[in-house]
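**Student:** I am attaching a structure below and will ask some questions about it afterwards.
The values are calculated or read from the model by the stated rules, or taken from the named source; none is laboratory data. Not measured: the values here are computed from a predicted model. A quick note on method: Cβ atoms are made from the backbone with ideal geometry, for glycine too, and the neighbour counts reach across all protein chains shown.
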Amino acid sequence: MNVLVTGGAGYIGSILCGMLLEKGHTVTCLDRFFFGMDSIKDIADKVRIIKDDIRWFKPEVFEGVDAVIDLASLSNDPSGELDPQKTLEINYKGRVRVAQLSKKYRVRRYVLASTCSVYGFQEDVLSEESSLNPLTTYAKANVLAEKEILPLADESFTVTVLRQATVYGYSPRMRLDLAVNGMVLGFYKNGKIPIMRDGRQWRPFVHVRDTSKAFIEVLESEQDLVNEQVFNVGSDDQNIQIFDLAKIIAESINIPFNYEWYGSPDKRSYRVNFNKIKEKLSFKPEYTPRDGAKEIFEALKDGRIVADDPKTITVKWYKQLLEMNALIKSIEINGVIL
Ligand SMILES: NC(=O)c1ccc[n+]([C@@H]2O[C@H](COP(=O)([O-])OP(=O)(O)OC[C@H]3O[C@@H](n4cnc5c(N)ncnc54)[C@H](O)[C@@H]3O)[C@@H](O)[C@H]2O)c1
């Protein structure tokens, strides 16, 4: 299949593009490269690279494309609050644009990267049928995108939404702002695992290679199994309370269980039911948070991850980019030639 991956140089995208190539697919990576191009340097000669924005790229890009995996977005809750208007423009309107153009240009399959955080705080174990409770601009933009994109599905345009659990594990575009990865980093830097208060909040987790596998399985599944369908991506046994997760991490990298609290109590607590993806697509994760923690610890020790790289904390990096952008605009307004 000829697959267009938006956000293909990101944390998930850079792994997914490599896995698509391994499976014999042809890959186009469309990205603004906000985090640079290093993440895809090992596959750069095997993929078609398009540096552009999902809000305004030219539709000729769709020529010959069979399937679109739409990952591009401002990718977490805090980044989504930096400029809520921009978040809605990209994460909601931008992705609706990609889906509508995909259909218009006769792409056969479209998969939207959504998130389990659309469920927000709820006591029950949540399935795809549960009510949604988006608490942040990021989560609201995902709900709006899902609602407008799913009805585009028809016999010749297969639409699937994947609500991913919180991802962990090593990727060449490293994110250390995700729970498992950040806990390992905290221990590596300060000898203490940082735990967000009050530690009792539930969160579902999935490894970056497993969530990438789910996108590929959806592309390769029979149309009637996945068309106009929403799937939670993860597994029941990886619903974990944050305090317990910290203990698991200490055990898996064989360190004393020293920890420190941070933040005000996290309202986003949810447990998710993953029966549907298991039963309909036979999806079974291969990795656990233990594997992810070991992987991150090794990569920090051997230098593949640089602990203080500002790009690894998504919100901090986007804040810097916004400030630089504002600075450039003000210089232009003052008529200074750059
Ligand atoms: N990582 C997780 O835990 C997680 C969990 C649930 C859902 N998701 C979703 O999965 C997707 C990928 O997440 P990720 O962790 O790889 O994030 P990421 O930030 O690493 O990657 C996003 C990529 O999109 C690009 N991008 C951003 N805005 C763009 C635009 N307007 N046009 C073109 N490219 C643009 C960025 O340059 C980046 O390479 C996102 O939609 C995210 O919301 C991620």
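**Student:** Filter the stretch 127-148 for residues that are away from the ligand (no atom under 13 Å from the Cβ) and either assigned to a helix (DSSP H, G or I) or crowded, with 23+ Cβ neighbours inside 10 Å (or both) and give the result.
**Tutor:** If the condition is that a residue be away from the ligand (no atom under 13 Å from the Cβ) and either assigned to a helix (DSSP H, G or I) or crowded, with 23+ Cβ neighbours inside 10 Å (or both), then Leu144, Lys147, Glu148 are the ones that fit.
**Student:** Related question: It is to be established whether one or more residues within the stretch 286-303 are touching a residue at least 40 places away in the same chain (Cβ under 8 Å), touching a Ser or Thr at 6+ places or on another chain (Cβ under 7 Å), of a type in the set (Lys, Arg) and more than 27 Å from Gly120 (Cβ to Cβ).
**Tutor:** yes
**Student:** Identify, please: which residue in the stretch 26-59 is surrounded by 15 or more Cβ atoms within 10 Å (Cβ to Cβ), touching a residue at least 40 places away in the same chain (Cβ under 8 Å) and not in a strand (DSSP E or B) and is, among those, farthest from the ligand (Cβ to nearest atom)?
**Tutor:** Ranking the candidates gives Ile40 first.
**Student:** Another one. Considering (1) without any contact (Cβ under 8 Å) to a residue 24 or more places away in the chain; (2) in contact with a His (Cβ under 8 Å, 6 or more places away or on another chain), say which one Met1 fails and leave the rest.
**Tutor:** It fails just one condition, (1).
**Student:** If Val111 meets every condition in (1) buried (at least 24 other Cβ atoms within 10 Å of the Cβ); (2) assigned to a strand (DSSP E or B); (3) away from the ligand (no atom under 13 Å from the Cβ); (4) touching a residue at least 60 places away in the same chain (Cβ under 8 Å) apart from one, which number is that one?
**Tutor:** Here Val111 clears every test but (3).
**Student:** For the stretch 286-320, enumerate the residues that are in a loop (DSSP other than H, G, I, E, B) and touching a strand residue (DSSP E or B) at 6+ places or on another chain (Cβ under 6 Å).
**Tutor:** Residue satisfying the conditions is Tyr287 alone.
**Student:** Residue pairs, Cβ under 6 Å, 6 or more apart or interchain, first in the stretch 155-181 and closer than 27 Å to Val107 by Cα, second part of a helix (DSSP H, G or I) and acidic (Asp, Glu). List them.
**Tutor:** From the stretch 155-181, the pairs are Val161/Glu146.
**Student:** Something else: Give the number of residues within the stretch 170-195 that are touching a Leu at 6+ places or on another chain (Cβ under 9 Å) and under 15 Å from Arg304 (Cα atoms).
**Tutor:** Number of matching residues: 4.
**Student:** In the set Ala99, Ala9, which member is closer than 16 Å to Ala145 by Cβ and either away from the ligand (no atom under 13 Å from the Cβ) or among the aliphatic types (A, V, I, L, M) (or both)?
**Tutor:** Checking each option against the conditions leaves just Ala99.
**Student:** As an exercise: evaluate Asp266 against (1) assigned to a loop (DSSP other than H, G, I, E, B); (2) at pLDDT 95 or above; (3) surrounded by 15 or more Cβ atoms within 10 Å (Cβ to Cβ) and give the number of the one condition it does not meet.
**Tutor:** (2)
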